[in-house]
Amino acid sequence: MNKTKPAVEINNLSFAYNGRNVLEDINLKITEGSFLGLVGPNGSGKSTLVKCLLSLLKPDEGEICLFGQQLSRFDDWSDIGFVSQKANSFNSGFPATVFEVVSMGLYGKVGLFRFLTRKHKQEVRNAIEQVGMEEYMNANIGQLSGGQQQRVFIARALVSRPKLLILDEPTVGVDAKSVKRFYDMLKDLNVNQGITLILVTHDVGAMTEFVTDVACLNKHLHFHGDTKTYEEQEEDMMSRMYGHDVQVLTHNHDHPHDHDHDPGGQSRD
Ligand code: ADP
């Protein structure tokens, strides 16, 4: 890992759905080893930007480089892990164990329905340990809580040893008490495993304690800097981004709902 090199570089990116611009002239460099919180209200273009990064949408203008390679030439997708809010959708009847779900992360490597070697099985166990779910290795995924299921999906993304992990609203459906533990685990992956993380969230309050950098998006990039600078400028930046005065979130993690302002207009529980 080279902490001065960008894992992601976005230059002059614009994107429109049916002629309506949702991203305008985005410039963003995310250095290797950072943990970026990408925040913005609902409909501000966060998921669209992630889809552009994952090469699922083609920008109308601009370019993206992943680990120094232009996206059109980038082919090492096992370096990129992705977990979405929709990952947390197993109902209690789904008959797969944690081990089996995490194994699915290796299908790209070993092919569907091939047998896993002893080495592959060890990789699966390691990924499950990385997210602290070893006790639940043989548990049915459908019987776990929302927070535990999200950990399992992170493990599924980790099993191919990504250098960059992108999480789109991963705490939707996770109860408020588990959110802090979940962010702690992400911070551990960042600090101890050196994985670059992009955490997309509308929940500004809870994440600032964990991330190294913050980017604020609402069609334009309104801010990008380290967490300390973000906290100094938060009030100003929020009113710029939302276009009116807003009450700044309290950073009280014991009572994460004790605020009047919910930028996404969504509740976490
Ligand atoms: P966020 O992730 O910040 O909630 P999105 O990137 O999902 O925002 O959406 C940005 C804007 O683009 C919103 O106004 C949304 O309604 C619109 N949008 C998203 N997906 C599509 C689509 N497939 N077709 C047309 N408009 C879309």
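Pick from A176, A139: which is of a type in the set (A, V, I, L, M) and farther than 19 Å from G205 by Cα?
Working: A176 fails: farther than 19 Å from G205 by Cα.
Every option except A139 fails the conditions.
If we scan the stretch 144-157, do we find a residue that is more than 19 Å from L197 (Cα to Cα), in a helix (DSSP H, G or I) and either touching an Asp or Glu at 6+ places or on another chain (Cβ under 9 Å) or of a type in the set (F, W, Y) (or both)?
Within the stretch 144-157, one or more residues are more than 19 Å from L197 (Cα to Cα), in a helix (DSSP H, G or I) and either touching an Asp or Glu at 6+ places or on another chain (Cβ under 9 Å) or of a type in the set (F, W, Y) (or both).
Take the residues of the stretch 44-60 that are more than 7 Å from the ligand (Cβ to nearest atom) and in a loop (DSSP other than H, G, I, E, B): which is nearest to D213 (Cα to Cα)?
Going through the qualifying residues, I end up with L54.
Only one of (1) more than 19 Å from I166 (Cα to Cα); (2) more than 16 Å from the ligand (Cβ to nearest atom); (3) at pLDDT 95 or above fails for D25. Which number is that?
Of everything listed in (1) more than 19 Å from I166 (Cα to Cα); (2) more than 16 Å from the ligand (Cβ to nearest atom); (3) at pLDDT 95 or above, D25 misses just condition (2).
For P41, are the conditions met, namely being on the phi < 0 side of the Ramachandran plot and near the ligand (Cβ under 9 Å from one of its atoms)?
Values: on the phi < 0 side of the Ramachandran plot: yes; near the ligand (Cβ under 9 Å from one of its atoms): yes.
Yes; evaluated as a whole, the condition is true for this residue.
Looking only at the stretch 50-71, how many residues end up being without any contact (Cβ under 8 Å) to a residue 12 or more places away in the chain and of a type in the set (D, E, K, R)? Walk me through it before giving the result.
Here is the first cut: in the stretch 50-71, the residues without any contact (Cβ under 8 Å) to a residue 12 or more places away in the chain are 51, 56, 58, 69-70.
Those still in the list that are of a type in the set (D, E, K, R) too: 51, 58.
Matching residues across the stretch 50-71 total 2.
Would you mind finding the one in F15, F35 that is farther than 22 Å from Y242 by Cα, touching a residue at least 24 places away in the same chain (Cβ under 8 Å) and either within 13 Å of the ligand (Cβ to nearest atom) or within 14 Å of the chain's Cα centre (by Cα) (or both)?
Working: F15 fails: farther than 22 Å from Y242 by Cα.
Result: F35 is the single residue among F15, F35 that is farther than 22 Å from Y242 by Cα, touching a residue at least 24 places away in the same chain (Cβ under 8 Å) and either within 13 Å of the ligand (Cβ to nearest atom) or within 14 Å of the chain's Cα centre (by Cα) (or both).
Pick out the one residue from G33, G132, G105 that is at pLDDT 90 or above, within 24 Å of S178 (Cβ to Cβ) and surrounded by 15 or more Cβ atoms within 10 Å (Cβ to Cβ).
Numbers: G33 fails: within 24 Å of S178 (Cβ to Cβ); G105 fails: at pLDDT 90 or above.
The conditions single out G132.
What's the total number of residues in the stretch 184-207 that are crowded, with 18+ Cβ neighbours inside 10 Å and among the polar types (S, T, N, Q)?
Residues in the stretch 184-207 being crowded, with 18+ Cβ neighbours inside 10 Å and among the polar types (S, T, N, Q): 3 in total.
The values are calculated or read from the model by the stated rules, or taken from the named source; none is laboratory data. Everything quoted here is computed from the prediction, not taken from an experiment. Neighbour counts are summed over all protein chains in view; Cβ atoms, including those assigned to glycine, are modelled from backbone coordinates with ideal geometry.
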